[in-house]
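Visitor: Questions regarding the structure given below will be posed in turn.
The values are calculated or read from the model by the stated rules, or taken from the named source; none is laboratory data. These numbers come from a predicted model, not from an experiment. For neighbour counting, all protein chains shown are included, and Cβ atoms are generated from backbone atoms with ideal geometry for every residue, glycine included.
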Amino acid sequence: MTISERLDLLKNVGEEIIGEKELKELLNSGEEIIAYDGFEPSGQMHIAQGILRTININKLIKAGVRFKMLVADWHAFANKKMGGDLEKIKTVGKYFIEIWKASGLETDNVEFIWASELVKDPNYWKLVLQIARTNSIRRFIRTAEIMGREESFDLSAAQIIYSCMQTADIFTLGAKITQLGMDQRKVNVLAREIGAQLGFWKPIIISHHMILGLGKPPKTESTVKRAAEMKMSKSNPDYAIFMTDSEDEVRSKITKAWCPVGETKENPILEYFKYIVFESLDRSEINHLIIERLEKFGGKVEFSTYEELEKQYLDNKIHPDDLKNSLALYLNKLLDPVRSHFEKNPYARSLLDQIKSYKITM
């Protein structure tokens, strides 16, 4: 691929890129480029973490980027996930990796690194403390969104350390690119601010879109709270599609989802089409989307781009029920390999059974 083609592919992943000029220079440098993401193992994996993450990481790999995935088990421990039970957190981490294996992630080109291994190195903690010394507590509190928390002095000391650890992860892993969700933007900006102070680099931030949950958008004055409630979250199972949901569960959740007639803004059903279905059409060996309608309403209609679908929905040429029925069909096709893996593989099955028995904590 040419530098221009690689850049276009990376821009396709990012809803926002901070340091685009630096990204061009990095691609032209010829050096090995490492990007990273980290995930807190907690509860069942939803489709944004599974399918969408697979789509985006595979694009980075295609663009010639080496990817490191941090299993942030100690971060989840600090953030009181899974009741603060580290062994349960590690079990969830293993389950997540099994999901990605079955989802089409190019795992041969992804290095999984456990935070519980990083913390064994005294130099890691030295870096955490160096980072902690660069700013006041107030500055670190402003990154609380990365944990799904609001900015508050009521955060525990462990949660304050969390953002120091996440910043240290970037430099410990040698990541020139941070490729996380928009909700992680604040700590990545912090890393850019203090990188040079500590003799490192300014990480390039490629932030991907956060897919909406299936419920009606909340009304709240808190920007952080609204963003947390709108994105897909495992804390409300009815508003998230999980990677091992049955076909009936997927259809039921999609049927009940928020999808106002003729409205495209903050419409989760359309978001699924844009970010998941259209990006996965090649898996079905077709290059167009089919929406089935009753003959009296025009019958079957095909789309080659999301923009075409959005326009027809905006013009009330497609009913929400037809949109939902088609979405459930496509999602179930995408989830079939994952369901099959967890049905046929004893190790994966045992992990899922354990996860389902756990109580999810925020």
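Visitor: Would you mind stating whether LEU173 is surrounded by fewer than 17 Cβ atoms within 10 Å (Cβ to Cβ), out of contact with any Pro (no Cβ under 6 Å at 6 or more places or on another chain) and either free of Cβ contacts under 8 Å to residues at least 60 places away in the same chain or not charged (D, E, K, R) (or both)? Spell out how you get there, then give the answer.
Guide: Values: surrounded by fewer than 17 Cβ atoms within 10 Å (Cβ to Cβ): no; out of contact with any Pro (no Cβ under 6 Å at 6 or more places or on another chain): yes; either free of Cβ contacts under 8 Å to residues at least 60 places away in the same chain or not charged (D, E, K, R) (or both): yes.
No, not satisfied.
Visitor: Would you mind listing the helices (runs of 4 or more DSSP H) fully within the range 262-362 where at least 3 residues are surrounded by fewer than 17 Cβ atoms within 10 Å (Cβ to Cβ)? Spell out the reasoning first.
Guide: Details: elements: 268-272, 306-314, 320-344, 346-357.
Correct list: 306-314, 320-344, 346-357.
Visitor: Then there is this: Only one residue in ILE161, ILE113, ILE194 is touching a Lys or Arg at 6+ places or on another chain (Cβ under 7 Å) and touching a residue at least 40 places away in the same chain (Cβ under 8 Å). Which one?
Guide: So the residue among ILE161, ILE113, ILE194 that is touching a Lys or Arg at 6+ places or on another chain (Cβ under 7 Å) and touching a residue at least 40 places away in the same chain (Cβ under 8 Å) is ILE113.
Visitor: Let me ask something additional. Considering only residues that are exposed (fewer than 13 other Cβ atoms within 10 Å of the Cβ) and over 24 Å from the mean Cα position of the chain (by Cα), which ones fall in the range 10-31?
Guide: LYS21, GLU25, ASN28, SER29, GLY30, GLU31
Visitor: Okay, moving on. Has the range 33-42 got at least one residue that is surrounded by 23 or more Cβ atoms within 10 Å (Cβ to Cβ) and either touching a Cys at 6+ places or on another chain (Cβ under 8 Å) or of a type in the set (S, T, N, Q) (or both)?
Guide: Checked against the condition, which is being surrounded by 23 or more Cβ atoms within 10 Å (Cβ to Cβ) and either touching a Cys at 6+ places or on another chain (Cβ under 8 Å) or of a type in the set (S, T, N, Q) (or both), the range 33-42 yields at least one hit.
Visitor: Another question, if that's okay. If you scan the range 16-30, which residues turn out to be modelled with pLDDT of 95 or more and not in a helix (DSSP H, G or I)? Break it down into steps so the answer makes sense when it comes.
Guide: As a first pass, look at the range 16-30 and keep what is modelled with pLDDT of 95 or more: 16-29.
Answer for the range 16-30, where residues must be modelled with pLDDT of 95 or more and not in a helix (DSSP H, G or I): GLU16, ILE17, ILE18, GLY19.
Visitor: Filter the range 237-257 for residues that are within 13 Å of GLY215 (Cα to Cα) and either among the aliphatic types (A, V, I, L, M) or within 21 Å of the chain's Cα centre (by Cα) (or both) and give the result.
Guide: Within the range 237-257, PRO237, ASP238, TYR239, ALA240, ILE241, LYS253, ILE254, ALA257 meet the criteria.
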